[in-house]
Every structure is written in C-alpha cells, then in structure tokens.
Amino acid sequence: MAVVDVLNVTGDKVSQAELADDIFNVAVKGSVLHEVVKMQLANRRAGSASVTNRSDITGSTKKLYRQKGTGNARSGSVKSPLRRGGGVIFGPQPKSWAYKVPKKVRRLALKMALSSRLQGDNLMVVNTFGVDEIKTKTVVKALADLKVDNALIVTDAEDIKFELSSRNIKGIKVIRTEGLNVYDILKYNKLLLLESSIKGIEGRLSA
C-alpha cells in the first residue's frame with residue numbers, strides 16, 4: 001500500500017494514511033481516460049438547439065399567385081423555406097448526445113485518474129478543515145497555508161458550512177465521494193482528500 005502524509009490546515013504533518021494499491025496505484029492509460037471524459041462531456045451537452053420548420057411558421061396557406069402565366073416559379077406557400085421568413089430545412093432539433101461506456105471501464109478510468117494524481121505527486125490528504133461557521137476567509141487562509149490555489153476537494157459527507165465557505169473561491173471545487181468523477185479529477189491541478197473520505201472512495205471502487 002502507498003503511504004501518504006496527512007496534513008492539518010496549517011500544512012504540518014500530523015499522521016500518515018495508507019492508500020490501496022488496486023485503486024491509487026494502477027497503470028494509467030490515456031485512451032481509457034479519454035473515452036470516459038468524452039462520454040461525460042457528451043452527457044453534459046444540452047442538445048436544445050432548435051429551428052422553426054415550415055409547420056412552425058405562422059402564415060397563410062393560400063397559393064401566392066396562379067400556377068401559370070406569371071413567369072414565376074410555382075410557389076404555393078409564404079412559409080416556403082425559399083422565402084424570407086419561411087421555415088428552415090433540415091435545421092437542428094432537440095436531441096440527446098448522451099451515451100454510456102461499460103461500467104467496468106468507468107470504474108477503471110476513475111482508478112486511473114486517482115492513480116495519476118498520486119503518481120504525479122498531486123494528491124494531498126488533509127485531516128480536517130474545521131470550518132465552524134460560513135466564512136470564506138477561513139478556507140482561503142487554509143488553502144494558502146497548504147500552498148494550493150487550484151484543487152478538487154473531496155469530502156466524505158455533506159458539510160454545508162464548508163461547501164458554502166469555498167464555493168466562491170476561484171479554482172476550487174468541493175465534491176462528495178459519491179460524486180467523484182474522472183473529468184473533475186483531471187481538470188484541477190491538485191486533488192485534496194479529507195482523511196475521512198479515503199474509506200468512502202475505497203469502498204466505492206473496491207471490487
């Protein structure tokens with residue numbers, strides 16, 4: 001098992017924690033991470049682009065002029081796509097871009113993302129932030145002492161005071177273990193784990 005230092009909010013070492021090798025020390029494959037991140041981004045797409053086609057346009061269905069003798073094209077409706085203000089042909093309509101990759105691949109990619117942070121020396125474990133009140137300044141000071149300015153912080157349970165205190169800090173995101181995902185782990189420079197969250201992560205990914 002890998003052993004990492006556990007720090008307090010002032011950046012001092014207070015103890016050590018063990019990380020399971022089958023979760024935090026697996027071989028990293030970029031193709032697997034890419035596939036899962038691509039899936040996550042596709043699932044986030046709104047797919048709400050929409051145009052008005054002929055049936056959506058308000059207008060008369062009366063034939064504009066007689067069929068023959070005018071020298072014009074045989075136009076039948078003011079809603080024709082060929083006319084200004086008419087409907088759009090083959091334009092985008094609401095759709096879902098979501099798709100899934102196998103569950104085993106998603107789980108493996110999450111392990112790889114965690115391992116990449118540990119192997120790159122970008123994983124830190126903190127015993128607690130100890131936020132007793134909603135105060136952004138407290139979290140800012142703790143992050144400054146830890147020398148962290150861009151990080152994903154993982155907690156084991158709901159902590160409203162801490163989450164509200166950190167939500168306006170640029171480059172910082174707080175997430176719970178059940179919401180941990182590949183995209184967010186790779187997006188931020190550092191991964192900060194509360195010591196109590198390690199068991200939750202290992203319990204979720206152990207198989």
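Just so it is clear, none of the values below were taken in a lab; they were calculated from the coordinates. Bear in mind the structure is a predicted one, so any value in this text is a computation, not a measurement. Every residue, glycine as well, gets a Cβ built from its backbone with ideal geometry; the counts of neighbours run over all protein chains shown.
Below, the figures for the structure above:
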{"item": "Asn43-Arg167 FRET efficiency (beta carbon distance; Förster radius 22 Å; 0.05 resolution)", "result": "0.45"}
{"item": "Whole-angstrom gap from the stretch 1-48 to the stretch 142-190, using each part's C-alpha centre", "result": "13"}
{"item": "Under 5 Å, built H, 5+ apart or other chain: amide partners of Thr155", "result": "Ile175, Arg176, Thr177"}
{"item": "Using θ = phi - 60° and Karplus 6.51 cos²θ - 1.76 cosθ + 1.60, couplings along the stretch 129-136 (whole Hz; Gly, Pro as x)", "result": "9, x, 8, 8, 8, 6, 8, 4"}
{"item": "Percent of Cα pairs exceeding the 23 Å cut-off, where the set is the stretch 104-207", "result": "21"}
{"item": "Vicinal HN-Hα couplings computed from phi for the stretch 51-62 (Karplus, 6.51 cos²θ - 1.76 cosθ + 1.60; Hz; Gly/Pro x)", "result": "10, 8, 8, 4, 6, 8, 7, 8, x, 6, 9, 5"}
{"item": "Segments 162-168, 189-195, 103-109 sorted - mean Cβ within 10 Å per residue, highest first", "result": "189-195, 162-168, 103-109"}
{"item": "Mean projected area (nm²) of the alpha-carbon convex hull when the stretch 47-96 is viewed from all directions", "result": "3.9"}
